[in-house]
Amino acid sequence: MKIFSASQMRMADEVTIKSEKISSLELMERAASQIFNLLHHRLQGAQIPIHVFCGIGNNGGDGLVISRLLVEHGYNVKTYIVNFSENRSKDFLVNYDRLKEIAKEWPFQIKSEEDFPTVQYQDMVIDSIFGIGLNRPLVPWVTQLIKHINNARCFTLSVDIPSGLYDYKKPDDAEGVIFADVTVTFQLPKLVFFLPQTGGYTKEVEVIDIGLDRNFLHQTPGIAELINKNEVVPLYRSRHKYSHKGTFGHCVLIGGSYGKIGSMVLATKAALKMGAGLATAYVPECGYEVLQTTVPEAMVITDSDDELEEINLDFEPSAVGIGMGLGTDEKTIKAFEEFLKENKAPMVIDADAINCMAKKPELLEHLPLQTIITPHPKELERLIGKWEDDFDKIRKAQEFSAKYRCVLVVKGANSLIIYEDQIYINNSGNPGMATAGSGDVLTGMLTGLLSQGYDPIRAAVLGTYLHGSAGDLIAQKNGFEALIAGDIVNNIGQAYLELFRQPQQQEQKS
Ligand SMILES: NC(=O)C1=CN([C@@H]2O[C@H](COP(=O)(O)OP(=O)(O)OC[C@H]3O[C@@H](n4cnc5c(N)ncnc54)[C@H](O)[C@@H]3O)[C@@H](O)[C@H]2O)[C@@H](O)CC1
Ligand SMILES: Nc1ncnc2c1ncn2[C@@H]1O[C@H](COP(=O)(O)OP(=O)(O)O)[C@@H](O)[C@H]1O
Ligand SMILES: [K+]
């Protein structure tokens, strides 16, 4: 699913108004009445106090429409205008009058802290103060109002985006943003919902189709692509009956040091489970027995005793995954550099191999085109430096990717796959995956896909999705806490099958 910027959303709005020959007012009515329908469906007329806080722009206009429909249907509604400016939008004003006609009284004006209404825990709030039009800091009393609403801790529904969130930078005051239980957003999800600094402002996101112009939505490249099952199914390559193990490549996993051989076990198993034809683990001598015992399907080549000092392969690998438990000893960095100069196979670079590159940036010059690098945030910082906020992080990651022509998988709750100006946001996975070794599994999985000939961007997107999806399958059965990295490997097969499972409804019919 595409993600648009605020200005692209505005353009989609305008194009729809022209192509459908409707007014912006009608579009507002259509959008807001869908939110009302959603509420009405859930509340079924329940008489809980509903506080609708409206700004003075079109987001406020949406709130006024919702209020009017709630009043018409006999709900217990109080409407407030958060009067931070006299510059009211045209459609706001029309709906302001329409609400008065139905409710028989003007909404209550909030102009300062003295006007704040009491909001109780058992009430409900509709947050329609700011939408995607927020473009400057809030006046202090509006920030206070937002904090006042948050303090009630009552069920809060934000219209389009939690008020106080910009769609292009982090909020000025981390507490001055509505904490929403649900955000009902128009047509397409917004980037802020998936970034670590801003994703936490809403527990749930519901995207509603307000019928914006299909051609425009289809033809306009988004600023990012949200990756769910629908997006990855077309990336999967099925197997031919007469294929043999050579068809799926012989990959090599390189890494391990004394006490960190487990990372290599996880990665090697993961590469095989993803479908690599053959896998070799290249480890220090101390890892030999461990690997031969725990992954009998893999071959093992060993180097000196406790850490790698040389990387000499006696075959041409189809893909390389390097870095798990590798260490950053000078000798190892040297070995890695020599290897990079020789190697032509597609690569995944993780963990200590990233740290080696951060220590010696010249290594980056030797990467094969579209090498996948999989940093967690700390490793990313070592590569691209500190960032102002998540938006700045993305820009810096894009610049880094363009400079070295590499694919970055920025790991986290919604891992970002970045290649030059392309951004993919993975939407599978769960907090149970915040556990030792889950990144090693990802590296093995991506290497397994490269080994089978998937191109690096596809491999990064499909592999990251399947990794999260395997984690989700475990969490459904065992919960978050008991999830360990080895379980992710064991659920790779189920994650593949899940790609082609029909939705529940169809299962019940058959
Ligand atoms: N296709 C769509 O996206 C649709 C959007 N609609 C609504 O329109 C909203 C966008 O509306 P607007 O562009 O009017 O913007 P908002 O209602 O989000 O912003 C309010 C207004 O306040 C001004 N402003 C921004 N920051 C301010 C600040 N800190 N202090 C004071 N004033 C500030 C802005 O210039 C803007 O005019 C969306 O979020 C959505 O709710 C819907 O009505 C219909 C369809
Ligand atoms: N809260 C979370 N939600 C979803 N996925 C997560 C979460 N925390 C971690 N992960 C995933 O788990 C993996 C952790 O990788 P990493 O930090 O390298 O761990 P390790 O070094 O222990 O292997 C990444 O793929 C990341 O996206
Ligand atoms: K809002």
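Let's see how each residue does on (1) of a type in the set (S, T, N, Q); (2) farther than 17 Å from S7 by Cα; (3) outside any loop (DSSP other than H, G, I, E, B):
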residue	(1), (2), (3)
S163	yes, yes, no
Y166	no, no, no
K169	no, no, no
D172	no, yes, no
E175	no, yes, no
I178	no, yes, no
T183	yes, yes, yes
P196	no, yes, no
G200	no, yes, yes
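Residues checked against (1) away from ligand 1 (no atom under 16 Å from the Cβ); (2) over 30 Å from E20 (Cα atoms); (3) more than 15 Å from the chain's Cα centre (by Cα); (4) not assigned by TED's automatic domain parsing to the domain that holds F339:
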{"position": "F193", "(1), (2), (3), (4)": "no, no, no, yes"}
{"position": "H240", "(1), (2), (3), (4)": "yes, yes, yes, yes"}
{"position": "V252", "(1), (2), (3), (4)": "yes, yes, yes, no"}
{"position": "G275", "(1), (2), (3), (4)": "yes, yes, yes, no"}
{"position": "L291", "(1), (2), (3), (4)": "yes, yes, yes, no"}
{"position": "S304", "(1), (2), (3), (4)": "yes, yes, yes, no"}
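Could you list all residues from the stretch 457-474 that are surrounded by 24 or more Cβ atoms within 10 Å (Cβ to Cβ), within 20 Å of A345 (Cα to Cα) and in contact with a Phe, Trp or Tyr (Cβ under 9 Å, 6 or more places away or on another chain)? Listed by number, the residues that qualify are A460, V461, L462, G463.
Consider Q422 carefully, then state whether it is in contact with a helix residue (DSSP H, G or I) (Cβ under 6 Å, 6 or more places away or on another chain) and either surrounded by fewer than 24 Cβ atoms within 10 Å (Cβ to Cβ) or in the same structural domain as G199 (by TED's automatic domain parsing) (or both). No, not satisfied. Does H40 fit the bill of being in a helix (DSSP H, G or I) and either more than 16 Å from ligand 2 (Cβ to nearest atom) or modelled with pLDDT under 95 (or both)? Yes; evaluated as a whole, the condition is true for this residue.
For the stretch 347-368, the candidate set comprises residues that are within 25 Å of the chain's Cα centre (by Cα) and either of a type outside the set (A, V, I, L, M) or in a loop (DSSP other than H, G, I, E, B) (or both); within that set, the residue that is farthest from ligand 1 (Cβ to nearest atom) is D352.
Working only within the stretch 94-138, note down all residues that are hydroxyl-bearing (S, T, Y) and either away from ligand 1 (no atom under 16 Å from the Cβ) or under 18 Å from D160 (Cα atoms) (or both). Hits for the stretch 94-138 are T118, Y121, S128.
Considering L408, L380, the condition of being in a helix (DSSP H, G or I) and surrounded by 16 or more Cβ atoms within 10 Å (Cβ to Cβ) is satisfied by L380 alone. Every listed requirement among (1) of a type in the set (A, V, I, L, M); (2) out of contact with any strand residue (DSSP E or B) (no Cβ under 7 Å at 6 or more places or on another chain); (3) closer than 30 Å to K169 by Cβ is met by L369 save one, (3).
Kindly indicate the residue of the stretch 324-339 that is surrounded by fewer than 24 Cβ atoms within 10 Å (Cβ to Cβ) and aliphatic (A, V, I, L, M) and also farthest from ligand 1 (Cβ to nearest atom) among those meeting that condition.
As a first pass, look at the stretch 324-339 and keep what is surrounded by fewer than 24 Cβ atoms within 10 Å (Cβ to Cβ): 327-335, 337-339.
If we keep only those that are aliphatic (A, V, I, L, M) too, we end up with 333, 335.
Details: I333: 50, A335: 54 Å.
Out of the qualifying residues, it is A335.
Screening G222 on (1) over 21 Å from I492 (Cα atoms); (2) over 32 Å from the mean Cα position of the chain (by Cα) shows it passes everything except condition (2).
Of all residue pairs spaced 6 or more apart or on separate chains, those with beta-carbon atoms under 6 Å, a first member in the stretch 414-426 that is under 14 Å from L446 (Cβ atoms) and a second member that is part of a strand (DSSP E or B) and away from ligand 2 (no atom under 12 Å from the Cβ) are I417/Y424; Y419/V407; Y424/E225; Y424/I227; N426/I227. Working carefully through the options N59, N87, N83, N76, find the one that is within 13 Å of ligand 3 (Cβ to nearest atom), polar (S, T, N, Q) and assigned by TED's automatic domain parsing to the domain that holds E26. Every option except N59 fails the conditions. Looking across the stretch 32-89 at every residue that is within 11 Å of ligand 1 (Cβ to nearest atom) and over 35 Å from the mean Cα position of the chain (by Cα), the one that is farthest from P107 (Cα to Cα) is identified as N87.
The values are calculated or read from the model by the stated rules, or taken from the named source; none is laboratory data. Nothing here was measured: the structure is a model prediction, and the numbers come from that model. With ideal geometry, Cβ positions are generated from the backbone for all residues, glycine too; neighbour counts draw on all protein chains shown.
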